[in-house]
1. Can you tell which of Val53, Val36, Val77 shows the greatest fluctuation in a Gaussian network model of the chain with Cα springs below 10 Å?
2. Just need the relative contact order of the chain here, percent rounded to a whole number, with Cα pairs under 8 Å and 6+ apart.
3. In the neighborhood of Glu29, defined by Cβ-to-Cβ distances under 10 Å, what is the net charge if each Lys or Arg adds +1 and each Asp or Glu adds -1?
4. Run through every distinct alpha carbon pair of the range 71-110 and return the Kirkwood hydrodynamic radius in angstroms, one decimal place.
5. Would you mind telling me which residue in Ala100, Ala41, Ala11 has the biggest mean-square fluctuation in a Gaussian network model of the chain, where springs connect alpha carbons within a distance under 10 angstrom?
6. May I ask you to list, by number, the DSSP H helices of the chain whose Cα span along the axis is at least 15 Å and whose average Kyte-Doolittle hydropathy reaches 1.6 or more?
7. What is the extension gain from Lys60 to Asp21, computed as 0.36 nm multiplied by their sequence separation minus the C-alpha to C-alpha distance, in nm to one decimal?
8. Based solely on its DSSP helices, what 222 nm [θ] is calculated for the chain when runs of n ≥ 4 H residues each add -39,500 (n - 2.57) and the sum is averaged over all residues, nearest 500 deg cm²/dmol?
Amino acid sequence: MNEPMEITCEAVKAKLDGGDDFLLLDCRETTEHDTVNIAEATLLPMSEIQDRVGELDEHKDREVVVHCHHGGRSLQVAMWLRQQGFPTAKSMAGGIDEWAQRIDTSLPRY
């Protein structure tokens, strides 16, 4: 089965609202996360993921959705995670910037 590499913000919101079992991973840096974040997301900065990927082992059988600011870093992280044995890893297209425009307009943008 060929999983798509990207998922829309709206689809991620529907998964959260529906109580779907998946991991939402924020791969931005801590300072960015401190500025604005999605409450349900787990922070694991791209700069640390190679050293800390073991922390994700329990999630290998779950869907993993990665997000960043605009979707570039999260796409790289999702592709790398697939190579590490996370077959359903995907990137949230548009990142938290699009989320702040389309899902939760109360969030600050940077």
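1. Maximum fluctuation in the GNM of the chain, among the listed residues, is at Val53.
2. Relative contact order of the chain: 33 percent.
3. Neighbour charge sum, excluding Glu29 itself: -2.
4. In the range 71-110 this quantity evaluates to 11.0 Å.
5. In the Gaussian network model the winner is Ala11.
6. Details: long enough: 72-83 (17 Å, -0.22).
Membrane-span-like by this rule: not one helix.
7. Details: separation 39, 0.36 × 39 = 14.04 nm, distance 1.22 nm.
Between Lys60 and Asp21, full extension yields an extra 12.8 nm.
8. Working: 5 runs with 39 residues, N = 110.
About -9500 deg cm²/dmol.
Just so you know, all these numbers are worked out from the coordinates, no wet-lab data involved. What you see is a predicted model, and the numbers here were worked out from it, not measured in a lab. Ideal geometry is used to build each Cβ from the backbone, glycine not excepted, and the neighbour counts take in all protein chains shown.
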